[in-house]
Amino acid sequence: MKRLFTPISFGGRRIVWDHRMSSDAPFPGYYHWHPCFEMLFVHEGEGAVIVNQIAYEMRRGMLFVFQPFHLHKVYPKPSRERPYIRTKLHFVPEEMADKLQVFPQRYGVLRRLWEERDAMFAWDLREHVDYMEQIFQRYEGGGAGEGRSSEEDDALILLQLLGVVQEVDQSLRQVDSAGIVRRPLRYSEKIMRWIEEHFAEEISLERIAEETHLSKFYVSRVFRAETGSSLTDYLTARRIKHACRLLQTTTLPVERIGAEVGLPDASYFVQLFKKVIGTTPLKYRNQA
């Protein structure tokens, strides 16, 4: 399992971005989080994005946003015939919010995406693909490709992207008010929501199967098919993420934190934490 915490090196820049990154070889993806805000736009590709216990379909024109420290996984299914092409932006929301306060509507959209617990995380922008590409090309031409974009360029690209989100979000609210029936939850989503409520307890495959009224074999198979990872990987990611929060915000001893996240064997908790995060719980606390 790859490390959960993925630091982003800004090197003095306000926005770190990668334009039209392309992959044609399969890769499984992994659960992780960043200390900053991320926007991911899919130019081409298919697969799934897992965030907030929801498995979103990945396809051309999808925009995904990930709040700071929000656990997520990107699970593309690229091939030579259908490569996965995406543009990613990372920025520290506190810094960019200061630049946008003179634009109250866009500023409000950013604050909602950044801070709201139940904010939306995915938008279908297939009707705006050409405009999105124009936004990215102008930013690239303004020096972003060489890491020398101006404050004005950085503010402008966010204003434009937030404007598209605002336009689509208003239309989505109208659709919701018309009484459109949402799709039923996928099995993996039901499982993730159940884990969200019970990850601090002792959990077994048998218990999950019983709670979801599925066979053990089918639980494992359907979760991997829909998310690209095992149940064990997801449960570990969720537990360790909560452990990180407790290490940062409390003075609880390490043994107690392990028990609080469903890992009462202190030795195993420390070993697993180091494997996932790359350092021991005590060192992580001291560095936080």
Take residue 118 and residue 18, extend 7 Å from each Cα along the Cα→Cβ direction, and tell me the distance between the two endpoints in nm. 3.4
Which lysines, if any, have their Cα less than 18 Å from the Cα of residue 283, not counting same-chain residues under 8 positions apart? 241, 274, 275
Name the residue, out of 129, 51, 65, whose mean-square fluctuation peaks in a Gaussian network model built on the chain with Cα pairs under 10 Å. 129
Quick one: 110, 185, 159, fewest Cβ neighbours within 10 Å first, how do they rank? 185, 159, 110
Distance from the range 204-219 to the range 46-93 (C-alpha centre basis), Å: 28
Per DSSP, loop GluC sites (Glu not before Pro) in the range 1-87 with at most 12 further Cβ within 10 Å: 81
Rounded to one decimal in nm, the spacing of the 7 Å Cα→Cβ label points at residue 60 and residue 282 is 5.6
So if each residue of separation counts as 0.36 nm, and I subtract the Cα-Cα distance between residue 212 and residue 92, what length gain in nm does that give? 39.3 nm
Order of 277, 54, 257 under a 10 Å beta carbon neighbour criterion, fewest first: 54, 277, 257
Between residue 232 and residue 9, the FRET efficiency computed from the C-beta separation at R0 = 25 Å comes out, to the nearest 0.05, as 0.25
Give me the extension gain from residue 200 to residue 252: residue separation times 0.36 nm, minus the current Cα-Cα distance, reported in nm with one decimal. 17.2 nm
Roughly speaking, what is the stretch gain from residue 193 to residue 133, that is 0.36 nm per residue apart minus the C-alpha to C-alpha distance, in nm to one decimal? 18.1 nm
Sequence of 168, 276, 102 once ranked by neighbouring C-beta atoms within 10 Å, starting from the fewest: 102, 168, 276
On a 0 to 90 degree scale, rounded to 10, what angle separates helix 151-177 from the longest Cα axis of the chain? 70
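We did not get these values from a lab; they are worked out from the coordinates using the rules stated. Remember, it's a predicted structure, so these values are computed and weren't measured experimentally. FYI the Cβ positions are ideal-geometry reconstructions off the backbone, even for glycines, and counts take in every protein chain you see.
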